[in-house]
Each structure stands twice: as C-alpha cells, then as structure tokens.
Amino acid sequence: EKVDVCRALERNSSGAGMITYRKGFPSPYSLLLRIHGAAWIRTILPAVVSAVFVILLNVLVGDGSHVAGLRAGGGWRHPYTYQTFAFIVGFSIVFRNGSAYQRYTQARNNLQTVTGKLTEAVVQICTFDLVHTIEGKVTTKEFRREFIHLISLLHGCMFQFLRSDWNLENLCAHVPGKHPVQDSHKLPHVKKFFFSYSYWTTILCLQTTQLAQEAYNSVTPLLVVGGIEREEKEALHPLMDGGDLYLGHLAPAAVRVETVYSWLHKLILCRWKAGGLQISPPILSRCYQVLNDSMEAFNQCRGIASIPFPFPYSNAITMILVIYTLTVPLLMWVWVESMAFGAFLAFIAVFTYWTLNEIARDLEDPFLYEPNDFPLPRIQFLFNERILAVERETGSMERPPKQADRCNEWLGQSAPMSYQNVESHGLYEKIDWSSVPSNTTYFNCTVNPKRSLERMNTMSRGSGVFRKT
C-alpha cells in the first residue's frame with residue numbers, strides 16, 4: 001500500500017483541461033494574451049492566404065474595378081449577389097456552433113449527473129448499512145471500505161472510457177490534500193516547452209492522433225480510493241484495448257465500466273445477505289435506482305464521446321469555407337479600390353468565419369482536446385474527497401450534532417462505523433508540506449491547503465465593498 005501511495009505521489013500530475021479566467025479588470029482584454037487553447041490562432045493561415053490573394057490580384061492584374069467584363073463592363077453590378085453565398089456560409093457555421101455547444105452542455109450536465117448520483121448512492125448505502133444484524137456488524141467496516149473503493153473505481157473507469165484511455169496504469173491511488181489543477185497551461189513543465197515543436201503543434205492544430213492522446217492521458221492519471229489491485233487489473237484485462245469488442249473471457253476488456261458496475265451490485269447483494277442493509281426492500285431499491293440513473297447519464301456521455309459530429313456536414317462546411325477563402329478576395333479586388341484596405345477586409349472576413357468554425361470543432365468533443373476538455377482528473381479527485389467525507393460523516397457517532405446521542409441509542413451504535421481512523425480528519429496537518437519539492441513532484445498542483453486561521457487572515461484583506469466582511 002505504501003508503494004502505491006508513493007507511486008501516486010510521483011505520478012500525481014493531474015493537470016486537466018477547461019481554462020478558467022477572471023471577469024474583473026483587466027478582463028476581457030487580458031484574455032487576448034492567452035493563445036494556448038484559443039481557437040483564433042489556428043485560423044490565421046487561411047486569413048493570410050486570402051489577404052495575400054487580394055494583393056497579388058492588384059499587383060499582377062491591376063485595379064479590379066476597371067477590368068473589362070467585371071465591374072467596368074457591367075458584369076458584376078452589385079456586391080449583393082455575393083452576399084447570398086456569404087449568408088449561407090455564416091448560417092451554416094452558426095448552426096454548427098449551436099449544435100457543438102449543445103453537445104458540450106449536454107455532456108457537462110450528464111457528467112455532473114454521474115458524479116451526483118454516485119455520491120447519492122454512497123450517502124444512501126453508508127446510512128442504510130447502519131441498520132444491520134449482529135452478524136453483519138462484524139464486517140461493517142470491511143464492507144464500507146470495499147464499497148467506497150468500487151464506487152471510486154467505477155467513476156474512474158467511466159472517465160477513462162470517455163477520454164479513450166485504455167491503460168489501467170493511469171488509475172493511481174488517491175492521495176488527499178493535493179488538488180489537481182484545472183488548467184493544464186499552469187503546469188510549470190508547459191512553460192519549459194514554450195520554444196519546442198510539440199508545444200506549438202498543440203496550439204496550431206487540434207491533437208487528434210492516438211499517440212498524442214495516450215501521452216496526455218499518461219500525465220493526467222485518474223485517482224482511485226485505495227488504488228487498483230493486481231487482481232482487479234487482471235480481471236479487467238490490462239493488455240487489451242478497451243475500445244474494441246472481444247468475445248468470451250476477454251469481454252471485460254471492452255466493458256470495464258459494466259464489469260465494475262456488476263461487482264458493485266454483487267457486493268451490495270452479498271452485504272444484504274450477510275446481515276447488512278437491513279431496511280425495508282422498497283427503500284433499499286432506491287439505491288439501485290440511483291445507481292441506474294448514474295449509468296444512464298454515463299451512457300448519454302458515451303454517445304457524445306463515441307459518435308462524432310456528422311461527417312457530411314463537417315465536410316461540406318470545410319468545403320464552403322475554402323471556397324469562401326478563395327472567392328472573397330475577388331470581391332475585395334473588384335469593389336475596394338485601396339489594395340491595403342481590401343486585403344484587410346478579406347483578412348478579417350475569412351478570419352472570423354474560420355474562427356467560429358474552429359470554436360465548434362473544439363466544443364464538439366468535450367472529452368478529447370486539451371486544454372478545452374473537461375477537467376476529468378480534477379472532477380475525479382473531488383469526487384473521491386466527497387465520498388470519503390460522506391463515509392466519515394455517516395459512520396460517525398457525533399452526527400447529527402444535536403441528536404447524536406439519541407440516534408446512537410436508537411441504532412444501538414456503540415462505536416464509529418467508519419473505516420477511516422481519527423487521523424484521517426487531521427491528514428492535512430500531518431503532512432510536512434515544506435518537504436515537498438517545488439516544480440518537480442507536485443508541479444501540477446494548486447497551493448498547499450490552508451488552515452482555518454490562515455483563511456480568516458486572508459479574508460481580512462478584502463477589497464471594495466467586501467473589505468469589512
């Protein structure tokens with residue numbers, strides 16, 4: 001167990017996606033300084049091509065307004081004829097943006113449902129298990145430990161599937177106290193690669209290769225309470241690609257989520273058979289319903305992760321954008337007499353359309369493209385912290401505060417039921433954060449946890465109307 005914890009500390013580089021930013025001054029102008037994760041940086045090339053095309057037409061052919069057969073000869077009487085095509089291009093891109101944002105919000109809502117429902121299941125099971133027989137009381141802590149572990153493992157396997165991560169080595173033991181960062185650009189090692197080829201290829205194009213995805217997953221492990229045991233790895237077939245379909249005894253490699261889900265159901269059933277969870281069956285059935293709701297939400301996320309935006313629509317939009325890039329210079333060449341101004345107008349027109357299209361491409365797959373993907377490692381970490389806190393509270397003899405003695409009497413509880421010892425509550429104080437090396441082991445983590453007194457001192461340094469709060 002100590003080896004697993006040390007390994008998790010060494011690999012706890014859980015930098016994740018989703019850029020966070022402040023909306024106070026100097027925002028929104030300060031957002032312009034951020035290029036890692038920006039969509040516009042990938043659209044400069046077609047915009048420059050369009051502007052250069054305008055300049056070449058003016059230099060090689062001359063002023064387009066005097067070319068026979070075009071504006072001078074009455075062939076192109078008004079630019080409105082081109083606006084019909086431009087309107088169709090704009091409408092198509094806006095429609096794609098709306099569809100992409102809908103996929104994004106739907107995935108986020110379902111992801112929150114998965115986490116919330118699994119947390120609710122922990123609350124119900126850990127509370128209902130306080131009602132048990134004399135025989136069931138003996139194995140209470142063992143059951144609670146294994147249940148929390150399997151819930152965390154199920155949550156981690158779900159996230160692994162969503163981000164196309166089939167390497168079970170990316171499931172590490174959970175270590176409390178160190179929150180993974182939400183924005184991967186804040187990792188110190190990212191700045192070290194600022195002048196590298198790989199850094200700028202990440203900025204100038206979406207990383208869609210399997211090698212890039214595997215590399216990203218390896219440095220952003222998902223933490224599981226208790227880690228993952230060797231027997232569990234073997235049962236999930238670590239050497240097989242979980243994205244493929246296998247038959248017979250290899251099937252668990254393709255359905256790891258469903259496999260762990262079945263383990264969880266069997267554990268609950270065995271616990272009831274052994275004398276735990278001795279409540280009315282209709283009430284106990286709510287636990288199964290909550291677990292079912294979490295799987296339903298996961299399958300909604302799976303649909304978004306497995307099925308991309310329709311190829312015909314994406315292909316057609318790319319085609320009309322290329323046509324727009326090559327034809328809008330003709331419009332500027334014919335109707336704008338100034339070469340510089342025409343090139344500028346062509347640049348911003350093409351730049352705007354391509355930028356909107358790149359935003360849609362980024363949002364369509366919210367589980368893949370760093371740094372705008374969902375911060376799955378951070379969500380996993382916070383989920384672990386949440387269920388551990390719930391397990392401690394439900395097994396404590398001091399809760400609820402005003403009725404603790406009466407509840408203990410009613411339940412016949414003479415000792416805490418939580419498997420976490422008292423030292424777990426003071427874990428942050430027992431860690432010597434001064435010995436933690438900077439910019440190496442914990443280079444991806446947020447600031448060290450502050451004690452309550454330090455938080456109170458920080459609150460006194462408010463500003464504005466909150467200064468006296």
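The values are calculated or read from the model by the stated rules, or taken from the named source; none is laboratory data. This structure is a prediction, so every number in the text was calculated from the model and none was measured. Methodologically, a virtual Cβ is constructed for each residue, glycine included, from the backbone with ideal geometry; neighbour enumeration extends over all protein chains shown. Ligands, DNA and RNA are stripped out before the accessible areas are found, and what is left, the full protein with its side chains, is counted by its heavy atoms. Shrake-Rupley method; radii C 1.70, N 1.55, O 1.52, S 1.80 Å.
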Contour excess over end-to-end distance, with Cα ends at V94 and V61 and 0.36 nm allotted per residue:
8.3 nm
Please label the shape of the range 76-182 as rounded, prolate or oblate, based on the square roots a ≥ b ≥ c of the eigenvalues of the alpha-carbon gyration tensor (a/c under 1.5 means rounded; beyond that, a/b larger than b/c means prolate, else oblate).
prolate
Amide H within-cut-off set for V224, under 5 Å, with H built and near neighbours excluded
C172, A173, H174
Under the Karplus curve 6.51 cos²θ - 1.76 cosθ + 1.60, θ = phi - 60°, whole-Hz ³J(HN,Hα) for the range 300-316, x wherever Gly or Pro sits
5, 5, 4, x, 6, 6, 8, 10, x, 4, x, 4, x, 5, 5, 5, 5
In whole percent, and with a 1.4 Å probe on the protein chains, what portion of the accessible area of the range 82-145 is carbon and sulfur?
64 percent
Taking 0.36 nm per residue of separation between L382 and T84 and subtracting their Cα-Cα distance, the length gained on full extension comes to 102.2 nm
Burial-style ranking of 343-355, 29-41, average other-beta-carbon count within 10 Å with highest first, yields 343-355, 29-41
Using a probe radius of 1.4 Å on heavy atoms only, what accessible surface per residue do you get for the range 282-333? Whole Å² is fine.
48 Å²
Estimated vicinal HN-Hα couplings, Hz - the range 400-411 in sequence order (Karplus 6.51, -1.76, 1.60; Gly, Pro = x)
x, x, 7, 10, 4, 4, 5, 5, 4, 5, 5, 7
May I have the extent of the alpha carbons of the range 90-138 along their three principal axes, as whole Å values ordered from largest to smallest?
70, 11, 8
If the limit is 24 Å between Cα atoms, which of K23/K117; K117/K266; K141/K266 go over it?
K23/K117
Where only protein heavy atoms count, and the probe is 1.4 Å, what is the accessible area per residue for the range 41-151 in Å²?
52 Å²
What does the C-alpha gyration tensor say about the overall shape of the range 263-402? Classify as rounded when a/c is under 1.5, otherwise prolate if a/b is larger than b/c, or oblate.
prolate
If you count, for each residue, the other Cβ atoms within 10 Å and average over each peptide, how do 148-161, 271-284, 44-57, 323-336 line up from highest to lowest?
148-161, 323-336, 44-57, 271-284
Peptides 169-177, 226-234: what's the order by average Cβ count within 10 Å, highest mean first?
169-177, 226-234
How much net charge surrounds Q413 when only the other residues with a Cβ under 14 Å from the Cβ of Q413 are counted, with Lys and Arg +1 and Asp and Glu -1?
0
